[in-house]
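Input: a single structure, listed below in structure tokens.
The values are calculated or read from the model by the stated rules, or taken from the named source; none is laboratory data. All figures in this text were calculated on a predicted structure; none of them were measured in a lab. Ideal geometry is used to build each Cβ from the backbone, glycine not excepted, and the neighbour counts take in all protein chains shown.
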2 protein chains.
Amino acid sequence: MAKGPTVYHVAERAGVSIATVSFTFRQPEKVKASTREAVLAAAEALGYVPSASARGLARGRTGALGLFAYDYLLDPAHGRREEGLADPDPLSTESLGNEDLRLFPLYVDEVQRGVELECWRRGQALFVGGGNPENNEAVLSDIAGRVDGLAVFPRSVPSEVLARIARRIPVVEVSESELNRDLDHVTVDNASGIRAMTEHLLSEHGMTRLMFLGGMPSSDNDQRLRAFLGTLHDSGLSPANESKYPCGSDEGIAEVVASLCNDGNLPDAIVCATDQDALMVLDSLAAAGISVPTEVAVTGFDGIAAGRVVRPSLTTVRQPMEQMGRTLVRLLLERLDHPEKPPAAVRLPIRLVVRESCGCKAG
Amino acid sequence: MAKGPTVYHVAERAGVSIATVSFTFRQPEKVKASTREAVLAAAEALGYVPSASARGLARGRTGALGLFAYDYLLDPAHGRREEGLADPDPLSTESLGNEDLRLFPLYVDEVQRGVELECWRRGQALFVGGGNPENNEAVLSDIAGRVDGLAVFPRSVPSEVLARIARRIPVVEVSESELNRDLDHVTVDNASGIRAMTEHLLSEHGMTRLMFLGGMPSSDNDQRLRAFLGTLHDSGLSPANESKYPCGSDEGIAEVVASLCNDGNLPDAIVCATDQDALMVLDSLAAAGISVPTEVAVTGFDGIAAGRVVRPSLTTVRQPMEQMGRTLVRLLLERLDHPEKPPAAVRLPIRLVVRESCGCKAG
DNA sequence: TTGTTGAATCAAAGCGCTTAGATATTGGGC
DNA sequence: GCCCAATATCTAAGCGCTTTGATTCAACAA
């Protein structure tokens, strides 16, 4: 545990200069084979591990990328299950509570997984930082000092902080926010996703009374709502109920659903801004004894795993989450190579995924 | 994107020495309030972000921890689903194939999550490195050079490589391997877990013909097998069939189950080394038309999410995975404070989780 | 006034590596 | 045997920060 050996020790032991040691690791082809072996042997014998700090300082690059994986479930708006040994019972797929949701990878988790896999595939070092509501900014600064490029989720960081960091290293944002226009973005075509969904409900199911529900305020959700209203309008329809967006919190959704049930004027379908919202809606409807899709259809957006498991399974628009994570990494690396390229917004394809909750397949 | 401002720029702008700039960030109380504000203002104006490389080099510590999150599913022994937009169908909980497994957080994912949450809670920086079968060792060295302490999963790194790294920084291993005795460990009581499970099957269900199946070779699995045999022995029983452990791969398990079915001599219960093995067994039994738990009981070990969802839901021994991840972090930080403490092995409590697959609850 | 003390600031020496440019070595070709 | 080009190695100057010990300064007691 004593301070580890350095290039100096290795150089001395191998009888070469420290430059040769460095070359041996960084540009082996510049070093004569016999020398190289001597150096490697010395390194091995001493247990030499190069210091990334020193390398980073000398090179002006850390060689690592960062992901700021803000955990929305730690957000005050959401509850956070206390850790523990609970959850022994079989999971009722009839109704997934908010607690149960954490059992499945959520949107951000799947994107994160994509980032990880792509970094690992490339042998890229990856730093994952996590939000910590108290000192978000400090944490973020710290991360920014450790990496060559940073990927962030929308709404996780105030715009001005992001701008400051982006002065120093490339930043890629998931989704496309109207702020931060000078950053690279990875996004999906929210509008055509919701449009496809809405048209499916209108033409395949002959529904006419649709409403839109849910979604924290974000430009993705803006786009989804707008596309929903636009599609209805194109068919000469208006929303069946006042569309509820943004819809503050999970309690907000539960309330809205409860009042719909009480008033007895359920629409034909509730088009939700996200899968999480949709699951919440399913839960609330189940609690009220309303049957889905018989009495009302429900749809989501994202394609998270829980939507495949819940009963009725969730009709949704699938985002290629892993792919998005991989693209984040790609964009950062490209940006590092070409700092002056104009900001890019990569738009990945979505797909309508028809399951039970719209009435298409047998429950 | 021009090389960012440094302490020198900030110092110049604020009209102080670089030492004062450094103190302003690291030991603010040593700096007069008025000076401090001047420095902060200058930093803000310039968009200063301290370089972690330089800090790390100067301090001799990087301030980050590392997790080497070897992905067993990338292991040649397992298949790896091609990324893509597939998986549209409702998930059949009657039978989770290997493909579907990836939809749920697995053992390593949940431990990783625990590590992340604990680091974030403490404002600790975290690197996650991923295995990459080709250049595992290089990747690992790279990470080792970036962090002050490293957590690894068992079998993910050859012992001698681990030893080498441990000469330089503290290393904590998940589970308790008979190798690497000088490292800190986080583990569970495998033996009493399997013992409780086995006794449950014997006394609650009055079964007598049990077999043990699955598990890549590891000391955890050794312990589990030994405890299984020991428990039977204490009751004057022998295994119903030759216990199959280690059981190479998923195909291996499928084969064993198929031959059990063909020979027509199913035991009363199949006690599996891990939940993943158990799910594989359930899948194979379903394929053969054998009903669980009616014709044969199946049990797992770990407590992964998929076990709650599958039908019949899986009776298992639950490890506190998140807690284990958190403990890894705690041990590393403690070790950094007390390098000379003798190696510790923290043994976390397990719990028998009785669900449907043993026959306890209605399917 | 002078001396003393404590607080605030600074100068300067690294930390372990990379890499340009200088130097040494090698091997041909004559 | 000599010269030159190519190859291998080395020297030395940073990279941006932290931190020790020195210095300056202000305030106050004697």
**OP:** Give the residues of the range B:104-120 that are facing chain A (nearest Cβ under 7 Å) and either under 22 Å from B:VAL161 (Cα atoms) or without any contact (Cβ under 8 Å) to a residue 24 or more places away in the chain (or both), sorted by residue number.
**Re:** B:TRP120
Original post:
So B:GLY4 fits all but one of (1) touching a helix residue (DSSP H, G or I) at 6+ places or on another chain (Cβ under 6 Å); (2) within 14 Å of another protein chain (Cβ to nearest Cβ); (3) within 8 Å of DNA strand D (Cβ to nearest atom); what number is the exception?
Top reply: (1)
Subject >> Condition check for A:ARG164: surrounded by fewer than 24 Cβ atoms within 10 Å (Cβ to Cβ), at the interface with chain B (Cβ under 9 Å from one of its Cβ atoms) and either part of a helix (DSSP H, G or I) or of a type outside the set (Phe, Trp, Tyr) (or both) >> reply: yes
Original post:
Which one is farthest from DNA strand C (Cβ to nearest atom) among residues in the range A:4-15 that are buried (at least 19 other Cβ atoms within 10 Å of the Cβ) and farther than 14 Å from A:SER51 by Cα?
Top reply: A:ALA14
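Taking the conditions exactly as written (at the interface with another protein chain (Cβ under 10 Å from one of its Cβ atoms) and closer than 30 Å to B:GLU356 by Cα), does A:ASP89 satisfy them or not?
Considered against the rule, which asks whether it is at the interface with another protein chain (Cβ under 10 Å from one of its Cβ atoms) and closer than 30 Å to B:GLU356 by Cα, A:ASP89 comes out as yes.
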Original post:
Does at least one position in the range A:50-58 carry a residue that is more than 9 Å from DNA strand D (Cβ to nearest atom) and not polar (S, T, N, Q)?
Top reply: yes
Original post:
Taking the range A:167-192 as the region of interest, how many residues are assigned to a helix (DSSP H, G or I) and surrounded by 24 or more Cβ atoms within 10 Å (Cβ to Cβ)?
Top reply: 1
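Within the range B:18-35, can you find the residues that are assigned to a loop (DSSP other than H, G, I, E, B) and either surrounded by fewer than 16 Cβ atoms within 10 Å (Cβ to Cβ) or more than 11 Å from DNA strand C (Cβ to nearest atom) (or both)?
Once the filter is applied, which keeps residues that are assigned to a loop (DSSP other than H, G, I, E, B) and either surrounded by fewer than 16 Cβ atoms within 10 Å (Cβ to Cβ) or more than 11 Å from DNA strand C (Cβ to nearest atom) (or both), the range B:18-35 yields B:GLN27, B:LYS32.
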Subject >> Every residue from the range B:330-344 that is surrounded by fewer than 22 Cβ atoms within 10 Å (Cβ to Cβ) and within 10 Å of chain A (Cβ to nearest Cβ) >> reply: B:LEU336, B:PRO339, B:GLU340
Original post:
Tell me, which residue of the range B:36-53 that is surrounded by fewer than 17 Cβ atoms within 10 Å (Cβ to Cβ) and part of a helix (DSSP H, G or I) is nearest to the chain's Cα centre (by Cα)?
Top reply: B:GLU44
Original post:
If we only count helices (runs of 4 or more DSSP H) wholly inside the range A:235-329, which ones have 1 or more residues that are touching a residue at least 60 places away in the same chain (Cβ under 8 Å) and more than 14 Å from every other protein chain (Cβ to nearest Cβ)?
Top reply: A:250-263, A:275-287
Original post:
Do we have any residue at all in the range A:85-98 that's touching a helix residue (DSSP H, G or I) at 6+ places or on another chain (Cβ under 9 Å) and either part of a helix (DSSP H, G or I) or modelled with pLDDT of 85 or more (or both)?
Top reply: yes
Original post:
Looking only at the range B:345-363, which residues are under 18 Å from the mean Cα position of the chain (by Cα) and either of a type in the set (A, V, I, L, M) or more than 8 Å from chain A (Cβ to nearest Cβ) (or both)?
Top reply: B:ALA345, B:VAL346, B:ARG347, B:LEU348, B:ILE350
Subject >> Members of the range A:54-66 found to be surrounded by fewer than 23 Cβ atoms within 10 Å (Cβ to Cβ) and either in contact (Cβ under 8 Å) with a residue 24 or more places away in the chain or in a helix (DSSP H, G or I) (or both), listed by number >> reply: A:ALA54, A:ARG55, A:LEU57, A:ALA58, A:ARG59, A:ARG61, A:GLY63
Subject >> Neighbours by Cβ (under 9 Å, 6+ apart or cross-chain): first from the range B:130-141, more than 9 Å from every other protein chain (Cβ to nearest Cβ); second among the charged types (D, E, K, R) >> reply: B:PRO133/B:ASP75
